[in-house]
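The next block holds one structure in the form of structure tokens; read it before the comments.
The values are calculated or read from the model by the stated rules, or taken from the named source; none is laboratory data. Quick caveat, the model's predicted, so the values are computed rather than measured. As a convention, Cβ positions derive from the backbone with ideal geometry for all residues, glycine included, and neighbour counts pool all protein chains shown. For accessibility, only protein heavy atoms count, side chains too; no ligands or nucleic acids. Shrake-Rupley method; radii C 1.70, N 1.55, O 1.52, S 1.80 Å.
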Amino acid sequence: MILCRAVVIVPMAKPSFIRAEQPMAPDLAADRAILGGGGAPRRRDIVFVVNPRGANGRTGKEWKKLLPYLRSRLGSDCNICESLTSGPCHAIDITREAIREGVDAVIAVGGDGTLHEVVNGFFWAGKPVSNHDQKAVHTTALGLIPLGTGSDFARTFGWKNDPHYAIERIAKGFRSQVDVGVISGESGEPHYFINVADIHLSAKAGYYASRYKKFGNLCYVIGALQAFFDHHNKDLRIKVDDGDWEVYSQVTALCIGNAKYFGGGMKISPNAHPTSRNFEVVVLQDFKWYDFILKLHKLYNGTHLSVKNVSSRRACSIEVEEVGSSCSIFVQSDGEYLGFLPRKFTILPGAIEMIC
């Protein structure tokens with residue numbers, strides 16, 4: 001049982017939650033939308049997972065400014081619970097405990113990295129995390145208040161970059177089932193992503209960009225320039241939907257989109273959407289450094305699919321391996337470095353309910 005009282009901001013080494021015990025509020029359309037049925041609506045338990053160090057500390061500062069509005073808008077109808085992350089992967093642990101305790105929603109507060117960890121918290125040992133109460137009538141939903149360096153996932157839904165609008169979405173509580181990608185390798189636990197996974201140059205650029213986040217979205221440009229210094233296009237073997245292996249020569253980057261944007265606003269997979277039940281796989285071949293400079297605007301506005309040496313296809317699963325054995329082809333998902341090829345990427349249709 002979780003002990004409860006008003007919101008308290010305390011960094012925690014282990015996941016824990018604080019629930020607000022307040023008088024029952026007037027009826028909310030959102031509660032009825034989620035719970036259904038008649039009678040007085042049940043107060044919703046909502047956990048906000050906050051990365052206070054995100055965007056060089058800006059996330060923590062903006063969150064503190066947002067709290068009064070959050071309390072006034074949701075506090076009379078919801079049990080507001082807050083957990084500040086204390087380091088890498090903490091958001092995963094917080095999310096798993098929250099789901100097991102049966103909360104109504106876990107809200108990622110921060111950038112795409114925080115959202116990525118929260119999404120991974122919905123799974124454990126290759127399976128969805130479940131409520132300890134087997135008789136529970138609701139599942140835990142995922143939510144997002146974008147307050148980080150990058151907010152690429154939010155762009156796909158056309159959400160305004162204003163946390164007050166995000167709180168309104170949470171207050172209404174309407175849910176949609178969204179797809180999640182799972183990445184498996186030769187060994188180790190599967191890894192999950194909700195936005196875009198990518199391979200080779202773009203993944204290497206993201207790896208370097210993580211070192212320059214103090215420069216905001218400019219970090220992606222700096223990362224790309226650094227990645228180009230020692231970049232070589234590579235031949236890759238690809239198997240789509242358990243078909244035959246195909247060789248793609250001189251691959252510069254391969255992107256697997258569950259959503260449209262990555263890298264601080266590049267519309268890399270313009271036809272992807274988290275409700276489509278498949279990936280959009282985009283392959284860039286034989287690009288030189290000057291190609292990116294000349295065609296960068298097309299990558300940002302999503303018109304690059306008409307460019308020579310760019311191809312796109314739909315897939316529910318895709319296996320990728322290097323032709324050769326350099327073991328140097330970077331892999332990342334949602335901006336998080338995952339190591340090197342080979343990897344398999346598989347769609348999990350409607351795996352999570354998201355507050356949209």
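Taking the Cα centre of the range 44-173 as the origin, how large is its charge dipole in debye, to the nearest 20, when only Lys and Arg (+1) and Asp and Glu (-1) carry charge on their Cβ atoms? Numbers along the way, then the final one.
Values: 16 positive and 14 negative charges, 58 e Å.
About 280 debye.
Roughly speaking, what is the centre-to-centre gap between the range 95-120 and the range 246-261 when only Cα atoms are used, to the nearest Å?
A separation of 28 Å, based on Cα centres.
Which aspartates and glutamates does Lys61 reach when only Cα atoms under 20 Å apart count, and residues fewer than 8 places away in its own chain are ignored?
Candidates past the 8-residue exclusion: Glu82, Asp112, Asp162.
Once you've got the Cα coordinates, tell me which of Lys64/Lys160; Lys204/Lys260; Lys64/Lys214; Lys260/Lys344; Lys214/Lys239; Lys160/Lys213 are over 30 Å apart.
Exceeds cut-off: Lys214/Lys239.
Specify which residue in the list Phe122, Ser276, Phe153 is farthest towards the positive end of the charge dipole of the chain, using unit charges on the beta carbon of Lys, Arg (+1) and Asp, Glu (-1), about the Cα centre.
Farthest towards the positive end: Phe153.
How large is the dipole of the chain about the Cα centre if only Lys and Arg carry +1 and Asp and Glu carry -1, each at its Cβ, rounded to the nearest 20 debye?
On the way: 41 positive and 36 negative charges, 218 e Å.
My answer is approximately 1040 debye.
Taking the Cα centre of the range 191-349 as origin, work out the dipole magnitude from +1 charges on Lys and Arg Cβ and -1 charges on Asp and Glu Cβ, in debye rounded to 20. Provide the component values of the computation, followed by the final result.
Values: 18 positive and 15 negative charges, 117 e Å.
Computed charge dipole of the range 191-349: roughly 560 debye.
Heavy-atom accessible area per residue, the chain, 1.4 Å probe: how many Å²?
Spelled out: the 1.4 Å probe surface of the chain, per residue, equals 44 Å².
Of (i) 37, 21, 18; (ii) 29, 26, 19; (iii) 45, 23, 17, which one was derived for semi-axes √(5λ) of the Cα gyration tensor in Å from the structure shown?
(i)
With axes computed from alpha carbons, what is the tilt in degrees of helix 218-229 against the longest principal axis of the chain, rounded to the nearest 10 within 0 to 90?
Once rounded, the angle reads 30 degrees.
Would you kindly calculate the mean projected area, averaged across all directions, of the convex hull enclosing the Cα atoms of the range 283-356, in square nanometres?
So the Cα hull casts an average projection of 7.3 nm².
At 222 nm, what value in deg cm²/dmol follows for the chain if DSSP H runs of at least 4 each add -39500 (n - 2.57) and the sum is divided by all its residues, to the nearest 500?
Mean residue ellipticity, 222 nm, calculated: -8000 deg cm²/dmol.
Which percent of the accessible heavy-atom area of the chain goes to carbon and sulfur, probe 1.4 angstrom? Mind dumping the intermediate values first?
Numbers: 8460 of 15770 Å².
Result for the chain: 54 percent of the exposed heavy-atom area is carbon or sulfur.
Select from Ser249, Ser130, Ser333 the residue whose mean-square fluctuation is largest in a Gaussian network model of the chain (Cα-Cα springs shorter than 10 Å).
Checking each option, the largest mean-square fluctuation is seen for Ser249.
Can you say what percent of the DSSP beta bridges in the chain, counting only those with both residues inside, are antiparallel? Round to 5. Spell out each step's value before the answer.
On the way: 53 of 74 bridges.
Expressed as a percentage, antiparallel bridges in the chain total about 70.
Suppose each label sits 7 Å from its Cα in the direction of the beta carbon; what would the Tyr212-Arg277 distance come out to in nanometres?
4.2 nm
Under 24 Å Cα-Cα from Lys135, which lysines qualify once same-chain neighbours fewer than 8 residues away are excluded?
Lys127
Along the charge dipole of the chain, pointing to its positive end and built from +1/-1 on Cβ of Lys, Arg, Asp and Glu, which listed residue (Ile194, Val323, Ser184) has its Cα farthest out?
In the chain, that residue is Ile194.
Please identify, among Asp230, Asp112, Asp334, the residue showing maximal mean-square fluctuation in a Gaussian network model of the chain using a 10 angstrom Cα cutoff.
Taking springs between Cα atoms under 10 Å, the residue moving most is Asp230.
Just to be sure I understand the model, the point goes 7 Å from the Cα along the line to the Cβ. What's the resulting Gln134 to Trp159 distance in nm?
3.5 nm
Let me cross-check Arg71: its accessible surface, 1.4 Å probe, with only protein heavy atoms counted, in Å² to the nearest 10?
Solvent-accessible area, nearest 10 Å²: 110 Å².
What shape does the range 191-349 take by its C-alpha gyration tensor, where a ≥ b ≥ c are the square roots of the eigenvalues and a/c under 1.5 counts as rounded, a/b above b/c as prolate, and the rest as oblate?
Verdict is rounded for the range 191-349.
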